[in-house]
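Please read the structure below before turning to the comments.
Derivation of every value follows stated rules applied to the coordinates shown; laboratory data play no part. In this text the structure is predicted, and so the values were computed from the model without any measurement. Backbone-built Cβ (ideal geometry, glycine too); neighbour counts: all protein chains shown.
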Amino acid sequence: MGMKTYLHIMFNSEGASPSEVKTQLMNMGFQAAKGNYDFVFDWGKDHADLDELIFFADKVHAALKRCNVSFTIETIS
């Protein structure tokens with residue numbers, strides 16, 4: 001199946017628009033999703049080490065920092 005990282009976004013009416021957030025995340029390689037999560041990133045491999053996961057989460061945090069949104073992140077292999 002391969003490893004995937006899922007994001008759930010909580011928008012704020014005072015923050016960036018959903019389309020702006022979508023653009024930010026898609027530029028990082030995420031795809032928009034339907035269902036329990038809003039976006040999914042396919043790692044294209046079966047596993048990554050903890051440092052890779054933390055580095056990736058830091059990149060997501062930096063990309064969304066000025067968007068005034070909250071997010072949860074979950075990686076499943």
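Odds and ends about this structure:
- Tilt relative to the chain, helix 50-64 - C-alpha long axis, 0 to 90 degrees, to 10: 20
- For residue 4, a cut-off of 20 angstrom between C-alpha atoms picks up these lysines, skipping any fewer than 8 places away in its own chain: 22, 34, 45, 59.
- Candidate values [x] 22, 13, 10; [y] 36, 13, 6; [z] 46, 17, 9, label of the one derived for semi-axes √(5λ) of the Cα gyration tensor in Å: [x]
- In a fully extended conformation the segment linking residue 42 and residue 59 would gain 4.6 nm over its present Cα-Cα distance, using 0.36 nm per residue.
- Summary of packing: across the peptides 34-40, 46-52, the per-residue average of other C-beta atoms within 10 Å ranks them, highest first, as 34-40, 46-52.
- Arranged from fewest to most other beta-carbon atoms within 10 Å of their beta carbon, 55, 41 become 55, 41.
- Taking all Cα pairs closer than 8 Å and separated by 6 or more residues, the relative contact order of the chain comes to 54 percent.
- Length added when fully stretched, residue 10-residue 66, from 0.36 nm per residue minus Cα-Cα: 18.8 nm
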